Each structure stands twice: as C-alpha cells, then as structure tokens.
Amino acid sequence: LKTLEKMRKDVRILLVGEPKVGKTSLIMSLVSEEFPEVVPYRVEEITIPADVTPEKVPTHIVDYSGTKWPDLSLLSVFYPPHTVTNHWIPLITENTDKDSRVPLILVGNKSDLVEHSSMETILPIMNQYSEIETCVECSAKNLKNISELFYYAQKAVLHPTGPLYCPEKKD
Ligand code: GTP
Ligand code: MG
C-alpha cells in the first residue's frame with residue numbers, strides 16, 4: 001500500500017530559462033497540439049489528468065514568471081549552454097531544498113531553426129551536474145519531441161536514473 005501511495009504522487013514541472021526561448025509556446029503546443037501564432041507572456045499553471053499521461057500521474061506544468069518559485073518536482077531548463085551553468089543552475093540550487101534534490105532536464109527548443117544538434121556543447125554540462133537527468137532538443141513550431149519532453153520529465157521524477165543523493169558532494 002505504501003508503494004502504491006508513493007506512486008500516486010503528483011508531478012510538478014517548472015519551465016525556466018532565458019526570455020523568448022519558447023517556454024510558453026511549448027506548453028501551449030503540448031495542450032493544443034498546434035503551434036500558437038500568438039503567445040501570452042505566460043500561461044496559468046495547467047494540470048494534466050492522470051489518465052492521459054504516460055505514467056498515470058497527475059502532472060502540473062508551471063510557466064516560470066521570474067517572481068515566485070513554486071514547489072516542484074522537476075525543472076526543465078532551457079539553454080543557451082553558458083546561461084545554464086552561469087545563471088540557471090546557481091539560481092536553482094539557491095531556490096530548492098538541498099536534501100530533496102530536484103531533477104533537471106535541459107531543453108533545446110526551436111530545433112526547426114538549426115541544422116546541427118547542440119548535443120556536443122550540452123554533454124559536458126550534463127556530465128558536470130548529476131541532477132541533470134537528460135537533455136532534449138525539440139520544436140514547439142513543428143511539434144517535434146513535445147510530448148516526449150513531458151514524458152521524459154515525468155519519468156525523471158518517478159524513475160530517476162542518476163543518483164539524487166551524492167555522498168561526495170555533502171559537506
Ligand atoms: P518569455 O515568457 O518572454 O520569457 O518567453 P518564452 O520563453 O515564454 O517564449 P515564447 O513562448 O513567448 O516564444 C518566444 C518567441 O519564439 C515567439 O515569437 C514564438 O512564436 C517563438 N517560438 C517559440 N517556440 C518556437 C519554435 O520551436 N520554433 C520557432 N521557430 N519559433 C518558436
Ligand atoms: Mg513566456
């Protein structure tokens with residue numbers, strides 16, 4: 001019973017990243033299954049009911065407003081790469097409870113605009129931080145990897161592969 005209860009917990013995903021990387025567009029593309037031509041600055045938190053998610057867990061998706069930091073179970077961080085290490089990861093560390101480390105996913109949106117993958121620049125960052133579960137390249141515009149992105153996010157919370165507890169990092 002305890003295990004079952006544990007499995008039923010909600011997942012709360014926060015999208016953070018540089019302005020205009022497409023956070024709001026991605027949420028709207030996921031919900032409406034089409035690219036929104038006009039996007040508001042941010043959308044209200046949405047809840048995806050358990051039965052339509054791959055892992056059957058209610059999933060809340062939060063568009064980061066830059067003002068308050070909500071309770072969450074996963075962070076999707078949008079790159080450019082240098083801002084991930086210089087800005088976002090320090091900010092996340094500051095705002096999350098050290099004992100319950102929140103897994104991260106790195107998201108490279110607008111893959112429709114680039115010819116080459118940026119995995120080469122992203123891999124060293126992934127290796128540097130054990131809390132980064134995975135990275136995804138996607139496009140809100142042509143709906144590439146959108147449902148996959150949110151599926152990876154659910155999975156990273158429910159079945160993390162990396163160590164969320166890192167003994168050598170503890171002081
Ligand atoms: P802020 O809320 O201002 O921080 O921006 P945001 O990260 O929410 O980005 P938003 O969704 O507002 O998108 C910014 C611009 O990028 C808009 O003009 C979108 O139409 C465009 N955009 C978003 N996703 C994509 C994509 O996958 N491909 C292309 N080509 N354009 C995109
Ligand atoms: Mg926005």
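Scanning the range 14-26 for residues that are surrounded by 21 or more Cβ atoms within 10 Å (Cβ to Cβ) and farther than 13 Å from Cys138 by Cβ, we see that the one that is farthest from ligand 1 (Cβ to nearest atom) is Leu14. Within the range 125-140, being outside any strand (DSSP E or B), within 16 Å of ligand 1 (Cβ to nearest atom) and in contact with a strand residue (DSSP E or B) (Cβ under 9 Å, 6 or more places away or on another chain) holds for one residue alone: Cys138.
Condition check ((1) within 18 Å of Pro80 (Cα to Cα); (2) assigned to a helix (DSSP H, G or I); (3) at pLDDT below 90) across all residues:
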residue	(1), (2), (3)
Ile105	yes, no, no
Leu123	yes, yes, yes
Phe150	no, yes, no
Thr161	no, no, yes
Leu164	no, no, yes
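Mind checking which residues of the range 11-41 are more than 15 Å from ligand 2 (Cβ to nearest atom), over 21 Å from Leu106 (Cα atoms) and outside any helix (DSSP H, G or I)? Once the filter is applied, which keeps residues that are more than 15 Å from ligand 2 (Cβ to nearest atom), over 21 Å from Leu106 (Cα atoms) and outside any helix (DSSP H, G or I), the range 11-41 yields Glu33, Glu34.
Taking the condition surrounded by 18 or more Cβ atoms within 10 Å (Cβ to Cβ) and within 21 Å of Thr53 (Cβ to Cβ), does Val136 pass? Judged against the criteria, Val136 is a match. Taking (1) more than 16 Å from ligand 1 (Cβ to nearest atom); (2) in a loop (DSSP other than H, G, I, E, B); (3) within 17 Å of the chain's Cα centre (by Cα) in turn, Gly66 satisfies each apart from (1).
Yes/no matrix, rows are residues, columns are (1) over 16 Å from Leu149 (Cβ atoms); (2) in contact with a Pro (Cβ under 8 Å, 6 or more places away or on another chain); (3) surrounded by 15 or more Cβ atoms within 10 Å (Cβ to Cβ); (4) modelled with pLDDT of 95 or more:
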| residue | (1), (2), (3), (4) |
| --- | --- |
| Met28 | no, yes, yes, yes |
| Val31 | no, no, no, no |
| Pro36 | yes, no, yes, yes |
| Ile48 | no, yes, yes, no |
| Thr53 | no, no, yes, no |
| Lys56 | yes, no, no, no |
| Ser65 | yes, no, no, no |
| Asp71 | yes, no, no, no |
| Leu74 | no, yes, yes, no |
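Out of the residues in the range 80-104 meeting the condition of being hydrophobic (A, V, I, L, M, F, W, C) and out of contact with any Asp or Glu (no Cβ under 6 Å at 6 or more places or on another chain), tell me which one is surrounded by the most Cβ atoms within 10 Å (Cβ to Cβ). Filtering first and then ranking leaves Val84.
The values are calculated or read from the model by the stated rules, or taken from the named source; none is laboratory data. Note that this is a predicted model, so its numbers are computed, not measured. Cβ atoms come from the backbone with ideal geometry, glycine included; neighbour counts cover every protein chain shown.
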